[in-house]
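Each reported figure results from applying straightforward, stated rules to the coordinates on display, with no laboratory input. None of the values given here were measured: they were computed from a predicted structure. Cβ atoms come from the backbone with ideal geometry, glycine included; neighbour counts cover every protein chain shown.
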């Protein structure tokens with residue numbers, strides 16, 4: 001479904017010195033229906049990769065195919081075709097949802113932009129999307145600041161679902177939320193994957209999110225993918241010392257012993 | 001075990017039209033010497049206010065409506081302000097949430113550590129200045145980070161500076177408010193490892209405050225769960241899933257299980 005080949009992204013150095021290589025040759029493939037975890041520490045290049053996929057960032061080298069078509073060379077005017085099929089959810093909904101707009105308008109905006117249906121159809125679609133992310137219909141009248149972080153993130157997901165995408169890229173979708181909300185949002189993503197057949201690319205520093213939810217996993221470090229495969233296979237058997245260190249640093253349930261992990 | 005901190009029936013109110021609201025509404029909490037307590041609960045559950053009340057640093061117009069706070073046998077709420085102030089730093093220390101705003105942005109990190117040693121431990125400036133690199137090194141910061149301003153450091157490095165300030169004063173009670181929030185897992189683990197030093201000092205105690213049950217880690221001996229201004233569960237860490245009864249604690253436990261790696265995986 002999505003194939004990335006040898007992606008390189010270099011940022012010019014601010015002063016004299018070497019250019020910064022954010023992506024140093026990344027190759028990845030996502031199959032339809034994957035819940036794919038892309039894991040790494042801050043600065044590993046995860047978010048740069050997401051921005052390259054959406055075409056917000058110009059590639060230095062490499063190619064991206066989506067649904068059999070190369071999307072890495074599209075002119076700016078044709079990128080909305082990609083955005084209809086690939087949508088994005090970011091970290092902190094209270095930062096990126098327009099605080100002046102009510103939820104109904106926030107969710108209606110991408111419907112109008114991408115699908116341009118009649119007024120009644122927009123309203124019906126807003127109601128349907130709110131229902132799909134588990135929000136009551138009257139949420140449409142609220143403004144973002146009246147919502148909890150978890151509810152606001154649901155609004156953000158409803159917005160992302162509006163054009164009817166096939167792939168959802170979620171960049172740290174729960175990092176800004178309280179723990180119970182984190183689980184609710186992860187459950188929602190899993191539910192969307194099951195019921196709506198969505199493919200999900202989860203970008204996170206938190207390996208703990210991946211074990212129960214992802215069917216595939218890639219670990220990034222300094223612009224490279226250092227391990228890739230099924231979570232059980234990568235996390236239990238990868239010989240890569242960096243993966244071992246990540247696994248060691250990731251919490252086990254606090255009531256258990258550390259399990260000899262140091 | 002000797003009680004280091006005893007909080008009984010603490011209520012913290014904010015004046016409002018139609019009578020005060022009580023974000024902390026009858027908290028009972030103890031901490032023994034040598035103990036590590038994880039205080040967890042959602043944002044707004046009253047964790048940070050409780051810690052601020054212990055420090056005597058409640059923001060205006062919050063007030064203490066009821067209750068008692070005893071630290072090492074002293075009744076804090078009936079202590080003269082000047083005497084209470086003297087307890088700050090050496091006897092009790094709170095690392096505030098948000099390492100960026102907790103440090104002074106206009107002062108180098110080295111100067112802030114030095115100043116803490118001068119004001120908190122009564123060292124002379126030259127002596128304190130000579131000790132500063134050693135303290136930074138203790139929290140795994142390069143000695144030349146002394147010349148950096150807080151904005152030049154990453155979140156993890158700033159959190160280390162906060163812990164260096166705390167460890168410099170060797171407080172009896174160290175409270176760390178969201179010490180690992182916003183940091184990646186590897187950095188989180190190293191911050192917890194640094195906080196563990198507090199546990200190793202005889203007579204001292206540590207309180208880790210977080211919204212994330214996972215963040216109190218395997219350092220805590222006991223976990224107390226706060227919800228809507230009250231401690232709703234309080235159990236030894238290992239017995240938490242067996243003993244916790246409040247629905248909010250059950251929610252935290254489920255989330256803690258589903259968002260962690262399984263126990264046996266190494």
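Listing for the model above:
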read-out: Kirkwood Rh in Å, taken over all unlike Cα pairs in the range A:45-90; value: 11.0 Å
read-out: Relative contact order computed over chain B (Cα-Cα under 8 Å; 6+ residues apart), in percent; value: 25 percent
read-out: Contour minus Cα-Cα distance for residue B:16 and residue B:154 (0.36 nm per residue); value: 45.8 nm
read-out: Computed [θ] at 222 nm, deg cm²/dmol, chain A (DSSP H ≥ 4; -39,500 (n - 2.57); rounded to nearest 500); value: -10500 deg cm²/dmol
read-out: Potential lengthening between residue B:60 and residue B:130 on full extension [0.36 nm per residue; Cα-Cα distance subtracted]; value: 21.4 nm
read-out: Cα-based equivalent ellipsoid, the range A:106-262: semi-axes from gyration tensor eigenvalues, Å; value: 35, 18, 12
read-out: Peptide B:185-197 - average C-beta neighbours from other chains (10 Å radius); value: 3
read-out: GNM flexibility winner over chain A from A:164, A:149, A:68 (Cα, springs under 10 Å); value: A:68
read-out: Projected area, mean over directions - the range B:52-190, Cα convex hull, nm²; value: 9.4 nm²
read-out: Radius ratio Rg over Rh of the range A:1-74, counting only Cα atoms, Kirkwood formula for Rh; value: 1.00
read-out: Cα-derived Rg over Rh, computed across the range A:13-166 with Rh taken as Kirkwood radius; value: 1.02
read-out: Contact order normalised by residue count of chain A, Cα under 8 Å, 6+ apart, percent; value: 25 percent
read-out: Most to least packed among B:112-120, B:2-10 [average Cβ atoms within 10 Å]; value: B:112-120, B:2-10
read-out: Three principal axis lengths of the range B:3-256 [C-alpha, angstrom, descending]; value: 51, 42, 37
read-out: Percentage, to the nearest whole number, of Cα pairs in the range B:1-127 over 18 Å apart; value: 62 percent
read-out: Computed over the range B:1-86: relative contact order in percent, which uses C-alpha pairs under 8 Å that are six or more apart; value: 37 percent
read-out: Per-residue average of Cβ from other chains inside 10 Å of B:205-216; value: 3
read-out: Efficiency of FRET between residue B:137 and residue A:1 - r from beta-carbon atoms, R0 51 angstrom, step 0.05; value: 0.55
read-out: DSSP bridge pairs, chain A: antiparallel proportion in percent, nearest 5; value: 55 percent
read-out: Within 10 Å of each Cβ in A:40-50, the average number of Cβ atoms from other chains; value: 2
read-out: Gaussian network model of chain B, springs between alpha carbon atoms under 10 Å - residue of B:250, B:197, B:222 with greatest fluctuation; value: B:197
read-out: Per principal axis, descending, Cα span of chain A in whole Å; value: 56, 51, 38
read-out: GNM top mover of A:250, A:139, A:199 - chain A, alpha-carbon springs below 10 Å; value: A:250
read-out: Extent along principal axes [Cα atoms of the protein assembly as shown; Å; largest to smallest]; value: 72, 59, 45
